[in-house]
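These notes concern the structure reproduced below.
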Amino acid sequence: MASLRDIKNRITSTKKTSQITNAMQMVSASKLSRAEINAKAFVPYMEKVQDVVASIAAGSDNTSHPMMVARPVAKTAYLVITSDRGLVGGYNANILRKVMNRIRERHTSKDEYVILSVGRKGTEFFQKQEMTILESSIGLSDHPTFAEIKEIARKAVGMFSDGTYDEVYMYYNHFVSAISQEVTEKKLLPLSNIESTGSTASYEFDPSAEAILEVLLPQYAESLIFGAVLDGKASEHAASMTAMKSATDNASDLINGLTLSYNRARQAAITQEITEIVGGAAALE
């Protein structure tokens, strides 16, 4: 049975841990608020670009840009967005599990696919699996800018255009609410079945629809990647906040249980001392 000193030391250390996890929960909540604003603020821009691209595709019979045309698939790229740090519950594990399941379903050889990784946890995981990582981006800030992911976004689009791979799938956690995130799979390239978000505006193009697409399509694909990164960051902070709240609650439960054990042990020790005093006094009579 643990001594009173051992129980008291455990209570003290658990209280310190609880203070740390509670502080981390509040920090994550603060980061989540800004990350959610960033993710939502980017949506109107992305939808507007999508509307323009959809309008061009619907209004012209000659828009056969290579980024919009499916071709025989010899190699697939998987763009996977994870976090750089742990203590985020199942945030990373859920994404990586879905990616691995899809890879097992679609491929029989590692030569048939490559990895584009955003986030340290994903990069380290795929390195341990000895998978081919063409590009990786780690060390993103808590509120990333496009400049931070510009390199990997442009390379992801460029390597599709030059035939390094024939299709690109993107995996990330979509932010639903502070307590809910959904692992999302999206076919990034080729850009097929682009639908308008509801806008009915018509556009006049100069010099031509094809020239506009040449510039706009790469930007649109890159914006999809950046939007997923922002969405993933909001989900990451939400997952961290939830995990730290759970840790704080568990610590509180443990402290209550240890306090009860300490009081019982202390009461038993006092009772034992009283019994020994009474027994000694009786022996002297």
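The values are calculated or read from the model by the stated rules, or taken from the named source; none is laboratory data. Fair warning: this is a prediction, and the values are worked out from it, not measured in the lab. Here the Cβ positions follow ideal geometry from the backbone for every residue, glycine too, while neighbour counts run over all protein chains shown.
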Problem - Matching residues in the stretch 208-247 - criterion: being without any contact (Cβ under 8 Å) to a residue 12 or more places away in the chain, outside any loop (DSSP other than H, G, I, E, B) and farther than 20 Å from Leu188 by Cβ - result: Ala211
Exercise for the section: Looking only at the stretch 256-281, count how many residues are among the charged types (D, E, K, R) and farther than 22 Å from Thr12 by Cα. Expected result: 2
Problem - Selected residue [touching a helix residue (DSSP H, G or I) at 6+ places or on another chain (Cβ under 9 Å) and either within 23 Å of Gln127 (Cβ to Cβ) or acidic (Asp, Glu) (or both)] from Val99, Val73, Val52, Val27 - result: Val99
Exercise for the section: Specify the residue that is surrounded by the fewest Cβ atoms within 10 Å (Cβ to Cβ); the eligible residues are those in the stretch 245-266 that are of a type in the set (A, V, I, L, M, F, W, C) and out of contact with any Leu (no Cβ under 7 Å at 6 or more places or on another chain). Expected result: Leu260
Practice task
Would you mind finding the one in Glu182, Glu112 that is surrounded by fewer than 15 Cβ atoms within 10 Å (Cβ to Cβ), under 28 Å from Leu217 (Cβ atoms) and under 11 Å from the mean Cα position of the chain (by Cα)?
Solution key: Glu182
Problem - Residue within the stretch 66-74 that is closer than 20 Å to Gly227 by Cβ, among the hydrophobic types (A, V, I, L, M, F, W, C) and at pLDDT below 80 present - result: no
